Each structure stands twice: as C-alpha cells, then as structure tokens.
Amino acid sequence: MEIDFIQELKKCDELLDGYLRQIEIQEEFIQKQKELIEYLENHISKITDIVSSV
C-alpha cells in the first residue's frame, strides 16, 4: 500500500515536471513572438517613413 502511494507521488512529480517544462517552452515561444513583433513593427515603421517621404 505504501509503495503504491510512493509510486503515485512519483507519477505526479513526473507529470508536474512535464507541465513545468511545457510552460517554460511556451514562455520562450511567447518571448520569441514578442521579439518578432517588435522587429516587424520597426521595419513597418521604416517602410512607412520611406513611403511617406516619396
């Protein structure tokens, strides 16, 4: 009985580790998306300035 409880706790720990890793990956992905948006905004602004000056 005690061994089953310990095994269940280990399974829960493994699941939590997986969830935490997934959250870390999602946070990295979101950060990369933010960087890409900033990059695109800068380029769109430059293009808009060029077009406006013509």
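The values are calculated or read from the model by the stated rules, or taken from the named source; none is laboratory data. Values in this document were obtained by computation on a predicted structure and should not be read as measured data. With ideal geometry, Cβ positions are generated from the backbone for all residues, glycine too; neighbour counts draw on all protein chains shown. Each accessible area value is taken on the protein alone, full model and side chains, heavy atoms only, with ligands, DNA and RNA left out. Shrake-Rupley method; radii C 1.70, N 1.55, O 1.52, S 1.80 Å.
Positive-end ranking of Tyr39, Leu15, Ser52 along the dipole of the chain, with charges on Cβ about the Cα centre, is headed by Ser52. Placing +1 on the Cβ of every Lys and Arg and -1 on the Cβ of every Asp and Glu, with no other charges, gives the chain a dipole of roughly 380 debye about its Cα centre. Cα to Cα, under 26 Å, and not fewer than 8 places away if on the same chain: which lysines meet these conditions relative to Lys32? Those lysines meeting the cut-off are Lys46. Calculated [222 nm] ellipticity per residue, helices only, for the chain: -36000 deg cm²/dmol; basis is -39500 (n - 2.57) per DSSP H run with n ≥ 4, divided by all residues, nearest 500.
Taking a probe of 1.4 Å, how large is the accessible area per residue of the chain, in Å²?
On the way: 5460 Å² over 54 residues.
Using a 1.4 Å probe on heavy atoms only, each residue of the chain averages 101 Å².
How far, in nm, would the chain grow between Asp49 and Ile6 when pulled straight, counting 0.36 nm per residue and subtracting the alpha carbon separation? Before the final figure, lay out each step's value.
Values: separation 43, 0.36 × 43 = 15.48 nm, distance 6.42 nm.
Stretched fully, the Asp49-Ile6 segment lengthens by 9.1 nm.
Here the chain exposes an accessible surface that is 62 percent carbon and sulfur, computed with a 1.4 Å probe and the other protein chains kept in place.
Extension gain, Leu16 to Asn42, is 5.5 nm, computed as 0.36 nm per intervening residue step minus the present C-alpha separation.
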